[in-house]
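Input: a single structure, listed below in structure tokens.
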Amino acid sequence: MSRSFPMPQAFVSPDRIRSLFTEAMSQMYRAEVPQYGTLIELVADVNAGCLEKDPDLRDRLARAGELERIDVERHGAIRLGTADELFTIRRLFAVMGMQPVGYYDLSVAGVPVHSTSFRPIAEAALNVNPFRVFTSLLRLDLIEDEGLRGEAEAILAKRRIYTPRAVALVERHEQNGGLTEAEATEFVAEALETFRWHGEATVSAETYKRLHDAHRLIADVVSFKGPHINHLTPRTLDIDAVQARMPERGITPKAVIEGPPRRHCDILLRQTSFKALEETIAFSGDDGAIQGTHTARFGEIEQRGVALTAKGRVLYDQLLASVRGEVQVGAGGAKAGAYDHELAARFKALPDSWDELRRADLAFFRYSATPAGIAAAAGSTLPGDPEALIAKGYLAFTPIVYEDFLPVSAAGIFQSNLGTDQQQNYATRSNRDAFETALGATVQDELALYAERQAASLDSALEALGLAGLPLKTVA
């Protein structure tokens, strides 16, 4: 008599788990911060208008596989307090197919954290759902008051920001190589608890004040049960239009848009936000009735452009630094106007044409064989120079979207939403080794990832044309 055994349940893809989590996070944040819902509606209106009036943009996004991802695209940000918390968040995000990319030292801009971005790596995964979480680790070593530093360490050592079940499901994923649909659903619900807002501080009002006086962000990280998500960011196709229309929806935007100026050919990342909410919290005390307020969570919008090469980033950084060194960014409209004007003037030094950016090796592009090129290859010998192929319309290129972050912009958003333009003069003490030790992994080099995608796309396109192995020539 033969015995039958139940077939093992299939694992769901990390892309599906990431999408489930993104939707759950968005619903939670919409309930916690109602203005986020208003922001989503505004961005959707602006994006629909952009695609309707610019068919070329719609076609370019469609060719690059980006059109479907726009509506679901989000990035969030959290701030962790200990090495153990960072180590575990890496394992948790791995369940969703997200890996640490890039190292950002924000202490150079007066913010006592260093960070990475967890995100998908593969192009196909990015086009399914490019959810990113900018994840910062508090630099306790930058707290000058030794007594306060020790107190903060002791407070953080006591908290547990992950549910036991979430950790168990992470371990099951690591052991089994995946999660079933039921396990994935449970994982999303459990993982969401780490990011939920808690209106009860774990410290007294007096301790909160001392942490707050050291730096508002230190108080935000140390004083609560967990690292509440402090913003969730949709992607817009026209951030200037969103900035201008935010007041119509009862939202007050920050004074300036962080990042590069408005251009015909968008580069890197532009970001704006509305001021952080002032939320009521209950401090820990003998009677539990001491009330106060905390400012941390806010709304943010981003517009993404092409990823720049190392050469392009050097030029970008030089241009941005030259403006910020001469025009102070403040809360006043006049200062904001002067900054925007000077920014646009300086950035004329960076080409505003896709072909010029490509030929000068300033940006990364995805290459593809055109139908005309494939047809021509079937009947004749094609030129062996990629530039000639492009000129004849046999080889096409589209910009590779920038998937990462800009440290100066991130610091600018952080500072503007701490309630003031508070600045700290921390010595430049970048400590990537300590960060990666805490992480338990090496962060990936974002420029190398873009270069690999560009090279792979060119190889694939040339192979389709029967010209495998040709090098791409650039104009210096």
Q) Taking 0.36 nm per intervening residue step and subtracting the Cα-Cα distance, what contour gain separates A434 from K209 on full extension? A) 78.1 nm
Q: Express the relative contact order of the chain as a whole percentage, based on alpha carbon pairs under 8 Å and six or more residues apart in sequence.
A: 18 percent
Q | Fully extended contour minus Cα-Cα distance, from A441 to D459, at 0.36 nm per residue | A | 3.5 nm
Q. Can you list the GluC sites (Glu not before Pro) in the stretch 222-295 that are in a DSSP coil and have 13 or fewer other beta carbons within 10 angstrom?
A. none
Q: Within the stretch 64-108, find all residues whose amide N lies under 17 Å from a label point positioned 7 Å from the Cα of S284 along Cα-to-beta-carbon.
A: 81-82
Q) Can you give the FRET efficiency for R159 and A189, using 1/(1 + (r/R0)^6), R0 = 30 Å, r = Cβ-Cβ distance, to the nearest 0.05? A) 0.90
Q. How long are the semi-axes of the ellipsoid equivalent to the stretch 1-149, from square roots of 5 times the Cα gyration tensor eigenvalues, in whole Å, largest first?
A. 32, 28, 16
Q. Roughly speaking, to the nearest percent, how much of the chain's 1.4 Å accessible area is carbon and sulfur?
A. 52 percent
Q. Just the projected area, averaged over all directions, of the convex hull on the alpha carbon atoms of the chain: how many nm²?
A. 28.9 nm²
Q.
Rounded to whole Å, give me the distance from the Cα center of the stretch 232-295 to that of the stretch 160-229.
A. 22 Å
Q: Using only alpha carbon positions, build the gyration tensor of the stretch 163-308, then give the equivalent ellipsoid semi-axes as the square roots of 5 times its eigenvalues, largest first, whole angstrom.
A: 32, 28, 13
Q) Can you give the charge dipole size of the chain about its Cα centre, rounded to the nearest 20 debye, using +1 on the beta carbon of Lys and Arg and -1 on the beta carbon of Asp and Glu? A) 400 debye
Q | With 5 Å bins from 0: P(r) over the stretch 95-242, alpha-carbon pairs, percent | A | 2, 8, 13, 16, 18, 16, 12, 8, 5, 1, 0
Q: Set the Förster distance to 22 Å, then compute FRET efficiency between D59 and D355 from the Cβ-Cβ distance, nearest 0.05.
A: 0.85
Q | Förster-model FRET efficiency, 51 Å R0, A345 and E200, C-beta, rounded to 0.05 | A | 0.55
Q) With the other protein chains left in place, how much accessible area per residue, in square angstrom, belongs to the chain at a 1.4 angstrom probe? A) 43 Å²
Q.
Lysine pairs in the chain with Cα distance under 22 Å, only those 8 or more apart or on different chains: how many are there?
A. 11
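The values are calculated or read from the model by the stated rules, or taken from the named source; none is laboratory data. Not measured: the values here are computed from a predicted model. Ideal geometry is used to build each Cβ from the backbone, glycine not excepted, and the neighbour counts take in all protein chains shown. For accessibility, only protein heavy atoms count, side chains too; no ligands or nucleic acids. Shrake-Rupley method; radii C 1.70, N 1.55, O 1.52, S 1.80 Å.
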